[in-house]
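Data block below; observations after.
The values are calculated or read from the model by the stated rules, or taken from the named source; none is laboratory data. Given the structure is predicted, the values throughout are model-derived calculations rather than measurements. Glycine gets a Cβ as well: all are built from the backbone with ideal geometry, and neighbour counts include every protein chain shown.
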Ligand code: FES
């Protein structure tokens with residue numbers, strides 16, 4: 001694995017909790033890796049398994065979904081559905097030989113700015129240890145062949 005490997009990580013963040021926690025982390029001047037690209041969503045229940053697969057297919061090395069604490073979802077069960085979908089994607093990745101740890105679900109509240117920064121660090125460290133996604137490597141190979 002390259003020493004210079006910088007993981008590409010996509011985070012689907014619920015606007016009521018994780019996205020607000022990211023804002024709070026910013027206001028508290030907590031630093032977290034710039035590898036994380038945040039997508040604001042109205043509730044994690046809107047994240048479809050296809051969104052997660054598409055992110056990996058487009059070259060993300062890791063993807064996570066960050067939603068409200070269990071029992072706190074504004075749409076009641078959105079975060080429970082998201083957890084099931086994340087677990088389903090983990091099974092699919094595992095069945096095709098890709099590390100399931102590349103996909104994760106987290107729960108936090110809008111007051112958990114430090115936890116948001118911690119999650120970002122945790123995912124970056126985890127993906128750095130795993131190395132580039134095999135899908136990303138394949139995409140890069142194809143690109144080189146085409147040039
Ligand atoms: Fe935040 Fe549903 S509203 S996960």
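Taken over the range 50-97, the criterion of being buried (at least 18 other Cβ atoms within 10 Å of the Cβ) and assigned to a loop (DSSP other than H, G, I, E, B) is satisfied by 60, 61, 68, 73.
Within the option set 60, 55, 22, being in contact (Cβ under 8 Å) with a residue 40 or more places away in the chain and within 14 Å of the ligand (Cβ to nearest atom) holds for one residue only, 22. Number of residues in the range 105-126 that are touching a helix residue (DSSP H, G or I) at 6+ places or on another chain (Cβ under 7 Å) and more than 16 Å from residue 21 (Cβ to Cβ) equals 1. Of the residues in the range 59-78, at least one is modelled with pLDDT under 95 and in contact with a helix residue (DSSP H, G or I) (Cβ under 8 Å, 6 or more places away or on another chain).
Give the residues of the range 1-24 that are closer than 15 Å to residue 115 by Cα and buried (at least 22 other Cβ atoms within 10 Å of the Cβ), sorted by residue number. Those that are closer than 15 Å to residue 115 by Cα and buried (at least 22 other Cβ atoms within 10 Å of the Cβ): 11, 13, 14, 17, 18, 21, 22.
If you check 37, 142 for being out of contact with any helix residue (DSSP H, G or I) (no Cβ under 9 Å at 6 or more places or on another chain), away from the ligand (no atom under 16 Å from the Cβ) and in a strand (DSSP E or B), only one passes: 37.
The residues in the range 104-125 that are surrounded by fewer than 18 Cβ atoms within 10 Å (Cβ to Cβ) and in contact with a strand residue (DSSP E or B) (Cβ under 8 Å, 6 or more places away or on another chain) can be counted, and the count is 0.
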